[in-house]
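Chemist: Okay, handing you the structure first.
Every read-out reported here was derived from the displayed coordinates using simple, explicitly stated rules and does not represent laboratory data. This is a predicted model, so every value here is computed, not measured. No Cβ is skipped: glycine too gets one built from the backbone with ideal geometry, and neighbour counts run over all protein chains shown.
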Amino acid sequence: MPTGPAIAAAIRPVPQLADTEREAMLDLHCRHYANVSPRQFAADLADKHWVIELREGQGRLVGFSTLRLDAFPYQGRTLRVVFSGDTIVDPAARNTPALAASFGVFFTRLQDGGELYWLLICKGHRTYRFLPVFFHHFFPCCTGGGDSLRPLRDAIAQARFGPLFDPARGVLDLRGERDRLRPEDARVPDGHRRDPHTRFFLEANPGYLRGDELVCLAPLAPWNLRPAARRVIAGARTVWTDAHA
């Protein structure tokens, strides 16, 4: 992955966030998403267990992602599912691997507790492209290699999102009622359009401009990590302040 400006990354429990930090997160979110409801943003944040924070040298927040971990009963066994919520990185910090490395640190710390999966909802192609960079198998995918994950993806999505989830299309059909990427963030550069995974995302989620989200699932296991992911995780400098995670 390309290098970028020096960014400090931390994983913190959501209850530790001060009001000023929550306001900074909302401000950053509003700069890149339209139709944002502060009340919905606060409710979504309260529903999560951890937040990944990215800060530049002066301490300014330049990115974040929210996370929760749940047990999920499935076919006689109990799985664990990591769910990613609101995620945004300022364009000036998008060439740093800090966010990807922090996800890797998070996943690695959780791997000893049994089967682990990542439920990722994608409003834009940049989020979706994280999957082919990091994982061999995920669903949905243009290669069809992760098709066996579909029943589990559907079961988890229906349990978590209820009628918002359209299993036929694999998307959260939000009918323009939730936040959506601003035009400058939703724009797909010509170079990205040549990538088959980007083209697949655009075809699978044609409503992304109004805020529809493609629901994706990937196994979080060492065998599923690509070499690039291993290198990024090995170089991580993320600080995790939750000693009990």
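Chemist: Roughly speaking, what is the centre-to-centre gap between the stretch 69-123 and the stretch 9-28 when only Cα atoms are used, to the nearest Å?
Modeler: Taking the Cα centre of each part, the stretch 69-123 and the stretch 9-28 sit 18 Å apart.
Chemist: On to the next question. Two decimals, Cα atoms only, Kirkwood Rh: what is Rg/Rh over the stretch 140-245?
Modeler: Rounded to two decimals, Rg/Rh equals 1.01.
Chemist: Let me know the volume per residue of the alpha-carbon convex hull for the stretch 8-240, in Å³. Intermediate results must be reported in sequence, preceding the final value.
Modeler: On the way: hull volume 29.6 nm³, N = 233.
Hull volume over Cα atoms, normalised by residue count, gives 127 Å³.
Chemist: For Ala6 and Arg94 in the same chain, what is the full-extension length gain: residue separation times 0.36 nm, less their Cα-Cα distance, in nm?
Modeler: 30.5 nm
Chemist: I've got another one for you. Quick one: in the stretch 60-155, what % of C-alpha pairs are over 24 Å apart?
Modeler: 25
Chemist: Just order 87-99, 154-166 by mean Cβ neighbour count inside 10 Å, highest at the front, would you?
Modeler: Result, highest mean first: 87-99, 154-166.
Chemist: Still on this structure, please answer the following. Over the stretch 8-240, what relative contact order in percent results from Cα pairs under 8 Å that are six or more residues apart? Intermediate results must be reported in sequence, preceding the final value.
Modeler: Working: 387 pairs, mean separation 59.4, N = 233.
Computed value for the stretch 8-240: 26 percent relative contact order.
Chemist: Rounded to the nearest 500 deg cm²/dmol, what is the calculated helix-only ellipticity per residue at 222 nm for the chain, with -39500 (n - 2.57) per DSSP H run of length n ≥ 4?
Modeler: Calculated from helices alone, the mean residue ellipticity at 222 nm is -9500 deg cm²/dmol.
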